[in-house]
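Visitor: Can you keep this structure in mind? I'll have questions shortly.
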Amino acid sequence: MTTPLRMGVIGIDHRHIYTMVSHMQDAGAVLAGWWTSGTPETLDGFVRRFPDAPRVAQAKALLEDPSIDVILTAAVPCDRAGIALDAMDSGKDVMTDKPGCLTLDQLAALRAKVAATGRIWSVDFSERFEVPSVTAAAELVAQGAIGRVIHTTGLGPHRLNRDSRPGWFFDPARNGGILTDIGSHQIDQFLFFAGVDTADIAMASTANRANPQDPAFRDTGQIVLKAEGADGFVRLDWFTPDGLPTWGDGRLFLLGTEGTIELRKYVDAGRSDASDTLILTNGSRCETIDARGAGLPYFARLIADIRERTETAMPQAHPFTVMELAIRAQAMADGDGGQDGEAEKAAP
């Protein structure tokens, strides 16, 4: 009988840690212990969900525990790269919430550490890995149901929930900005579905349309991506209205040479509160599919990769490229990157 994979958690500042841990548990991993700084707003929810896992006095206790295989982190985004570096130095693999890092210097350090240690640095892009309809769409694309994907449109609206947001959320130096943060989801999906290793940033912009009390905060953003044989458009915002029964009407549109797929990921607004509605149209089919049962293979694959030193959950190069593109897009939008609006390209 195989011994269960053991995981430690360092940093629970974002609610994504709830599903990161629970999906790993569902795939057979055991939560050995956790540490976080102070009393983040997520603390009560974490303890309620995982009452049997001990909170240790110092993160060092988890890093030095030889029985722990992987460290999960959803710390304040500016701290995630440092936690990952320490974990890899301690012989642990890493699953981090997005964004996995905020600067090109952090990214370079992570790339170097993976090369030096052979550890896994994986980013849980939850808008792909925690959405069954995306699993179903990936299967249909792999089967050739819409031909070759030549364009993606990713819409990432989010509810602001201002009163429950910590101060770091409104500080781009600590959260990375709207393109580095939630834009990384859409860049991940573009690269994956287009089947490309990298892309050019043809356009990136952000704005603060309705939050003047936080002048550095950006509540809307756009990115245009160009790659070999495919283009992508991304729209992001913090304007989900309270009437919507979930945090955002996230949608993904895939245009193929032989058909289209639309994903209504979290709600079929105005029609149903059900998640994971997939609409497929091609030469012989035009149908709506309930994709809620399609599964979430990322977590079991990551466990297998940790055991077998493989790359089935995602190629190791992929999260590096996603984060580089997201960081460069943010810099372009902020006026810190690009030459007179020219496209930038991520290193392979």
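Visitor: Output the residue which, of all residues in region 185-209 that are assigned to a loop (DSSP other than H, G, I, E, B) and touching an Asp or Glu at 6+ places or on another chain (Cβ under 7 Å), is farthest from residue 334 (Cα to Cα).
Guide: Top of the filtered list is 196.
Visitor: Which residues, counting only those in region 228-276, are free of Cβ contacts under 8 Å to residues at least 40 places away in the same chain, charged (D, E, K, R) and either assigned to a strand (DSSP E or B) or buried (at least 19 other Cβ atoms within 10 Å of the Cβ) (or both)?
Guide: If the condition is that a residue be free of Cβ contacts under 8 Å to residues at least 40 places away in the same chain, charged (D, E, K, R) and either assigned to a strand (DSSP E or B) or buried (at least 19 other Cβ atoms within 10 Å of the Cβ) (or both), then 262, 268 are the ones that fit.
Conditions tested, residue by residue: (1) assigned to a loop (DSSP other than H, G, I, E, B); (2) in contact with a strand residue (DSSP E or B) (Cβ under 8 Å, 6 or more places away or on another chain); (3) touching a residue at least 24 places away in the same chain (Cβ under 8 Å); (4) in the same structural domain as residue 175 (by TED's automatic domain parsing).
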site	(1), (2), (3), (4)
14	yes, yes, yes, no
22	no, no, yes, no
41	yes, no, yes, no
46	no, yes, yes, no
60	no, no, no, no
68	yes, yes, yes, no
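Visitor: Counting only residues that are in contact with an Asp or Glu (Cβ under 6 Å, 6 or more places away or on another chain) and among the β-branched types (Val, Ile, Thr), how many does region 32-53 have?
Guide: 0
Visitor: While we're looking at this one, here's another question. Right, residue 122: modelled with pLDDT of 95 or more and crowded, with 21+ Cβ neighbours inside 10 Å or not?
Guide: Criteria met by residue 122.
Visitor: Among the residues that make up region 24-37, is at least one of them buried (at least 18 other Cβ atoms within 10 Å of the Cβ), over 20 Å from residue 120 (Cα atoms), touching a Ser or Thr at 6+ places or on another chain (Cβ under 9 Å) and modelled with pLDDT of 95 or more?
Guide: Taking every residue of region 24-37 in turn, at least one turns out to be buried (at least 18 other Cβ atoms within 10 Å of the Cβ), over 20 Å from residue 120 (Cα atoms), touching a Ser or Thr at 6+ places or on another chain (Cβ under 9 Å) and modelled with pLDDT of 95 or more.
Visitor: Given the criteria in contact with a strand residue (DSSP E or B) (Cβ under 6 Å, 6 or more places away or on another chain), outside any helix (DSSP H, G or I) and at pLDDT 95 or above, does residue 94 qualify?
Guide: yes
The values are calculated or read from the model by the stated rules, or taken from the named source; none is laboratory data. This structure is a prediction, so every number in the text was calculated from the model and none was measured. Backbone-built Cβ (ideal geometry, glycine too); neighbour counts: all protein chains shown.
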